[in-house]
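Enquirer: Take this structure, written in structure tokens, and hold onto it; I'll ask about it next.
The values are calculated or read from the model by the stated rules, or taken from the named source; none is laboratory data. None of the values given here were measured: they were computed from a predicted structure. No Cβ is skipped: glycine too gets one built from the backbone with ideal geometry, and neighbour counts run over all protein chains shown. These accessible areas exclude ligands, DNA and RNA; they are computed on the full protein's heavy atoms, side chains included. Shrake-Rupley method; radii C 1.70, N 1.55, O 1.52, S 1.80 Å.
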Amino acid sequence: GPAPRALRASRPAPDTAGPRPAGPRRGEPPRSAVRVTALSDPHPTPSARGLVLLATEDGRHPVGSAVLRLFSRRGQSHLAEADVQVHPAERRRGIGTLLVDAAVAAARDEGRRTLHAQVEAGSPGEGFLTARGFRPVLTLVHARLALAGADLAALAEEVHRPRPGYRLVSWDGIVPDALAASFARSRRAMDDMPVGDGDFGRVEWDVERVRAAAAAVAERGALLHTVAAVDSADGSVVAFTELVVPGGGEGDGQHYGTGVLPEHRGRGLGHWIKAASLLHVRERHPALEGALTDTADINPYMRRINDALGYVPTHRSVLLRRDV
């Protein structure tokens, strides 16, 4: 998750003074102990609050940090996620281990049971976390579609192909009032997405939460564009896909959730709505260069949709879990 927007110093985290290294590097002056100080976020969101554990030497020089995100909504209040970073010049001094220990202790003090971290698959970070009690639970395939080379004719053909019993709707920003209730209910389409042995709790969506999510995107200067498939019989949302366009309409957009309610699967709705989303942003935001997505490697259905639309895998990341 993103780092907190503003930080204020609080008391030092307990038991986080690191041992002095065995000796300085040749030609360097002796080093003092590294201490970790907790920095709290004065502006929590409805879904989470932040905590930064800042490692400093001599109480002045930052050498690393661990950003801890503490989820707060019902069904996720037992969860936290951490991002540990150590300055390259300060690695192999035990600072990373000190920060991991501080993050685990802070998560435990906050009553959390599960701590997640995400790193590039096969990177030194994966081995580092595995050696410190984390275990890999899910691999994500990251992919990108270069919009300048997208086959617009094929997208338009897919969008205009009739889907008997359904129609497309779309909106920018906050969901229209007439669709808000059924859109919130349609979020259960994500409940059974493959997550391996990850623990994401149970996300409970209501109208207030879907509106707050769109407002949060707008607050940071971006645009949340949503395409949905509606059941023609009752006008309810049965499938949706979200794409966040950065401010100015340039760079790469980022896909958020895509889901189809179980009782409406097997009818090509996922491909349909995602093609409509791409066609829309290509026409509305011609300077947008690409669209980014990440999908669990154990989700062949969404991966097939991405492949068919022309997404090219760029790298893999791994989600790791530690029970605290």
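Enquirer: Find out how many positive minus negative residues lie around G249, taking Lys and Arg as positive, Asp and Glu as negative, among other residues whose Cβ is under 12 Å from that of G249.
Expert: Details: positive: R282, R284; negative: D172, E250, D252, E283, E289.
After counting each charged neighbour, the total is -3.
Enquirer: Here's a follow-up. When the chain is fully extended, how far beyond the present Cα-Cα distance does S40 get from R91, taking 0.36 nm per residue of separation? It would help to have the intermediate numbers written out before the result.
Expert: Numbers: separation 51, 0.36 × 51 = 18.36 nm, distance 2.49 nm.
Stretched out fully, the S40 to R91 stretch lengthens by 15.9 nm.
Enquirer: Leaving out ligands and nucleic acids, and using a 1.4 Å probe, what accessible area per residue does the chain come to in Å²?
Expert: Values: 16340 Å² over 324 residues.
About 50 Å² of surface per residue is accessible.
Enquirer: Give me the percent of accessible area attributable to carbon and sulfur for the chain, probe 1.4 angstrom.
Expert: On the way: 8560 of 16340 Å².
Whole-percent figure for carbon plus sulfur exposure: 52.
Enquirer: Local charge sum around H142 (other residues, Cβ-Cβ under 14 Å, Lys/Arg +1, Asp/Glu -1)?
Expert: Once positives and negatives cancel, what remains is -2.
Enquirer: Considering only the other residues whose Cβ falls under 10 Å of the Cβ of V207, what net charge follows from Lys and Arg at +1 and Asp and Glu at -1? Intermediate values should be presented prior to the final figure.
Expert: Working: positive: R185, R209, R211; negative: D177, D206, E208.
Residues close to V207 contribute a combined charge of 0.
Enquirer: Next question, about the same structure. What length, rounded to one decimal in nm, is gained on full extension from L152 through to R113, with 0.36 nm per residue of separation minus their alpha-carbon distance? Provide the component values of the computation, followed by the final result.
Expert: Values: separation 39, 0.36 × 39 = 14.04 nm, distance 4.69 nm.
The L152-R113 span can extend by a further 9.4 nm.
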